[in-house]
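Trainee: Following this message is one structure expressed as structure tokens.
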Amino acid sequence: MPAFQIMSGSSPIPTAVRVFAPTAATSAHAHVRSMADYHALAARALAQPDAFWAEQAGRLSWSRTWDKVSAWDFNQVDIKWYLGGKLNACHNCVDRHVADGHGATTALIWEGNDPAETRRLTYAQLHEQVQRAANALKALGVRKGDRVCIYMQMIPELAVAVLACARLGAVHSVVFGAFSADSLVTRINDSGCKVIITQDTGVRGPKQDIAMKANADLAAPKTPSVEKILVVRRTGSSVTMQAGRDSWWHEALAAADAECAPEVMDAEDPLFILYTSGSTGKPKGALHTTGGYLTYAAFTFHYVFDYKPGDVYWCTADVGWVTGHSYLIYGPMANRATVVMFEGVPNYPDYGRFWQVIAKHKVNLFYTAPTALRALMKEGDTWPAQHDLSSLRLLGSVGEPIKEPEWLWYHNVIGKARCPIVDTWWQTETGGIMISPLPGATPIKPGSATLPLFGIQPQVVDEQGTVLEGNDVRGCLVLAASWPGQMRTVYGDHPRFVDTYFKRFPGKYFTGDGCWRDPDGYYWITGRVDDIIIVSGHNIGTAEVEGAIGQHPAVAEAAVVAFPHDIKGNAIYAFVTLKTGQAASDEVRKGINLKVRDILGPHAAPEKIQFAEGLPKTRSGKIMRRILRKIAEGHVEDLGDISTLADPTVVESLVSGRQ
Ligand code: WTA
């Protein structure tokens, strides 16, 4: 069993923190085996950053070595890495593995929505597919620098399409497959995509025939830049094909030549644009470039997931999000990993689906999001108990803080107390993981992303931008130095890039997140800083209150927002979903209130508690507080755009249940 110790924190986040040291079995074979090794590497990366990052770039194959490792300036907001270097991302993720004699290694294990459907692609097969797809795109007029919109579900052709674009030097913009036609229009027009790659219809859980091509058809008349639509046949449902504009993927690939040389790209040529989730305002097109991004994805995948040849790795994220870009395609494939890609959902055909897939493919490394864990934890332990999870060696989490209850469940019930949990903090903007435990080295505190990776320089600053030195400090999380995976600009709107990330604290990159660096120097992300509520003059982080509410045994999930209060200025309104089988009652309400008082103090106790069936979330699982705020404030007639919600119907029941 891992070491166990109690630490009294002076911050209200953890009242007592258990520390889980890496097991000897994990450390013995890890890429980084001790904290001494971690500190040594981190010190070298700080002392000689260019030498360190040059070494990391050595993970890739370059057709021309860079002249200069880095040239960045956070005051001028100009960021460049590996200047003058030339490479191709697809070549690095596919071709070189085949050339090195690993063509027979499985690249992709695809698990369909229906448990009977599985497909496997070796690196050699992937190589052939991407070349044909690249030639098919060329035939449609796609050239280096053109933008291509990929609007698909989680099918193997999605990975092929992404890599085929990279091969040609076309900039892909993946739009999550469940977005509406309107969301598609905004994103296509912002980046001026020439081609849409989509599929006939999709399947997801019990939903059959999800409109995909039909949405592309709705979007096309409003997107003047779109010339062609390439359509993968997934379900065989009938769709309208417009002559001259639309063509079938399978026909185009069959007709295409099987050989296509990868385009030689500059390190700073764009690789992709990815629109951020858009929980507020117009979506921003985060632009990532080729050399730095791929180096960073490859580097982080190697260390954080501690990947070894032969491991089967599964990332449940959709390629529509950055996690799917960096840790389903680019990072793992640059490391020649075997990756599981899953078309379905965690609760179809039943709540044991994730665990069944792990047993079926003998998954060793599993990366998912706290929102999925909470949803599954709520259904109890009997689902995972029905499947053999003994192949698991490492568990990962991303997207939001993983709080203690779900952390312990993940650790005990899924990982059987054997597997380290890497809680990885990062952003679309950072390209890859920034703060995370290293599985063989870092003693883990549940709920903390722990320590920065090598070469990453987080700082905590106060409202005025003063750097808070030492430990046990709270403030805004900024990054003092660039790293290769950093986004370079907001596509088509550099001033917005400067304003959003570099204006508030000049000379630094502002993450938008609040954090606490605890007495041991560990980082605890307390949520977006715009998620701070001021009640009677106290700054209260929504994440902290939610964490405290989550300690009540009946609670599955909570979201809190502010609403105006005559005396306190603001008061706290909590939306709470209960575990299956738990009934809402005044007693539970009282219990929750007491829990928050106990953990955080009376100032943080919610004024109102509304029990809800579900919370309004974006499809990447982020709670849209903007909607909850309006409901809490009573402005229910104007909830704004709710079309990007995973399930827009929850809004109605939230409005009717208003306290
Ligand atoms: C939050 C997802 C706490 C954070 C890769 C960040 C997290 C935002 C964690 C980025 C974590 C992500 N602990 N918070 N491990 N991971 N976040 O762009 O607020 O979809 O700024 O990228 O998610 O979300 P994005």
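Trainee: Please give the net charge around Ala161, taking every other residue with its beta carbon less than 12 angstrom from that of Ala161, where Lys and Arg add +1 and Asp and Glu add -1.
Mentor: Local charge sum for Ala161: +1.
Trainee: Shifting gears a bit: Could you compute the net charge surrounding Ala605? Neighbours are other residues with a C-beta less than 14 Å from the C-beta of Ala605; K and R count +1, D and E count -1.
Mentor: +2
Trainee: Also, quick follow-up: Volume per residue, Å³, of the convex hull around the alpha-carbon atoms of region 525-658?
Mentor: Expressed per residue, the convex hull around the Cα atoms of region 525-658 is 112 Å³.
Trainee: Please give the contour-minus-distance gain from Arg119 to Ala28: 0.36 nm per residue of separation, less the Cα-Cα distance, rounded to one decimal in nm.
Mentor: Stretched out fully, the Arg119 to Ala28 stretch lengthens by 29.3 nm.
Trainee: Could I ask something else about it? Ignoring solvent entirely, what values of log10 I(q)/I(0) come out of the Debye formula for the chain at 0.10 Å⁻¹ when each Cα is a single scatterer?
Mentor: Log-scaled intensity ratios, in q order: -0.93.
Trainee: Right, here's the next one. How much net charge surrounds Val650 when only other residues with a Cβ under 10 Å from its Cβ are counted (Lys, Arg +1; Asp, Glu -1)?
Mentor: Summing Lys/Arg as +1 and Asp/Glu as -1 gives -2.
Trainee: 5 Å is the cut-off here: which amide hydrogens, built 1.01 Å from N in the peptide plane, fall below it relative to His565, excluding neighbours closer than 5 in sequence?
Mentor: Result for His565 returns Asn570, Ala571.
Trainee: Gln551 label point, 7 Å along Cα→Cβ, cut-off 11 Å on backbone N: hits in region 588-621?
Mentor: In region 588-621, the label zone of Gln551 (backbone N under 11 Å from the point 7 Å along Cα→Cβ) covers 594-601.
Trainee: For Lys568, list the lysines whose Cα falls under 29 Å from its own Cα; do not include residues on the same chain fewer than 8 positions away.
Mentor: Reachable lysines: Lys403, Lys590, Lys595, Lys608, Lys617, Lys622, Lys630.
Trainee: Shape call for region 440-542 from the C-alpha gyration tensor, a ≥ b ≥ c root eigenvalues: rounded (a/c under 1.5), prolate (a/b greater than b/c) or oblate?
Mentor: oblate
Trainee: Using Cα positions and a limit of under 25 Å, work out the lysines in reach of Lys80, with same-chain residues fewer than 8 apart set aside.
Mentor: Lys68, Lys144, Lys284, Lys503, Lys508
Trainee: If you put +1 on each Lys and Arg Cβ and -1 on each Asp and Glu Cβ, how big is the dipole of region 531-656 around its Cα centre, in Debye rounded to 20?
Mentor: The calculated dipole for region 531-656 is roughly 260 debye.
Trainee: Relative contact order for region 531-656 using alpha-carbon pairs under 8 Å, separation at least 6, rounded to a whole percent?
Mentor: RCO, region 531-656: 22 percent.
Trainee: Roughly how many nanometres apart are two label points built 7 Å out from the Cα toward the Cβ at Asp493 and Arg59?
Mentor: 3.2
Trainee: Next question. Once you measure Cβ to Cβ distances between cysteines in the chain, which Cys have no partner under 4.7 Å?
Mentor: Cys90, Cys93, Cys165, Cys260, Cys315, Cys419, Cys476, Cys515
No value in this document is a laboratory result; all are computed from the given coordinates. Please read all numbers here as calculations on a predicted model, not as lab measurements. Every residue, glycine as well, gets a Cβ built from its backbone with ideal geometry; the counts of neighbours run over all protein chains shown.
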